[in-house]
Amino acid sequence: MVKREIKCPHCCQWTVWQEQLQDRCKHCNGLLEQEKINKIEALASQRKLKEEIEQARIAQQNPFFRKVKQYTATIFIGFILVLTAVIVLAAG
Ligand SMILES: [Zn+2]
């Protein structure tokens, strides 16, 4: 296994890096991929926030959509009844 050397972003000394996210500097014990970890965590929290906003939006919209669907069904049935009545009247 090839061991890579990486410059520690904390103490600026060369240390062994095994390309693992949780690798730590052998000099200062700082996380070598701190930036990447921060980015991943930021992305994850952003995604979570987006999901929460989306879910809140859906929860807010649902009663409205349910009402619209109900009205649409009622209007549709009414329309068909009126159409049937008109056809019956026109034929008669
Ligand atoms: Zn270090």
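Each reported figure results from applying straightforward, stated rules to the coordinates on display, with no laboratory input. Since we're looking at a predicted model, the values are computed, not measured. Using ideal geometry, Cβ is built from the backbone for each residue, glycine included, and neighbour counts are taken over all protein chains shown.
Structure data summary
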{"item": "Likely footprinting exposure, 11, 25, fewest C-beta neighbours within 10 Å first", "result": "11, 25"}
{"item": "Dipole moment magnitude, nearest 20 debye, the range 12-66 about Cα centre, only Lys, Arg, Asp, Glu C-beta charged", "result": "200 debye"}
{"item": "Per DSSP, loop GluC sites (Glu not before Pro) in the range 1-63 with at most 16 further Cβ within 10 Å", "result": "19"}
{"item": "Residue with peak Gaussian network fluctuation, the chain [Cα springs, cutoff 10 Å], from 16, 68, 82", "result": "82"}
{"item": "GNM top mover of 32, 81, 49 - the chain, alpha-carbon springs below 10 Å", "result": "81"}
{"item": "Selection from 64, 11, 40, by position along the positive dipole direction of the range 1-70 (Cβ)", "result": "64"}
{"item": "Sequence-distant lysines (8 or more away, or on other chains) whose Cα lies within less than 30 Å of residue 67", "result": "48, 50"}
{"item": "Modelled FRET efficiency - R0 41 Å, residue 71 with residue 29, Cβ distances, 0.05 increments", "result": "0.05"}
{"item": "Gaussian network model of the chain, springs between alpha carbon atoms under 10 Å - residue of 42, 73, 59 with greatest fluctuation", "result": "73"}
{"item": "Amide N of the range 26-50 lying under 14 Å from the label point, which is placed 7 angstrom from the Cα of residue 18 along Cα→Cβ", "result": "26, 32"}
{"item": "Test item: Cα-centred dipole of the chain, Lys/Arg +1 and Asp/Glu -1 on Cβ, debye", "result": "60 debye"}
{"item": "Helix-only CD estimate at 222 nm, as mean residue ellipticity for the chain, using -39500 (n - 2.57) per DSSP H run (n ≥ 4)", "result": "-24000 deg cm²/dmol"}
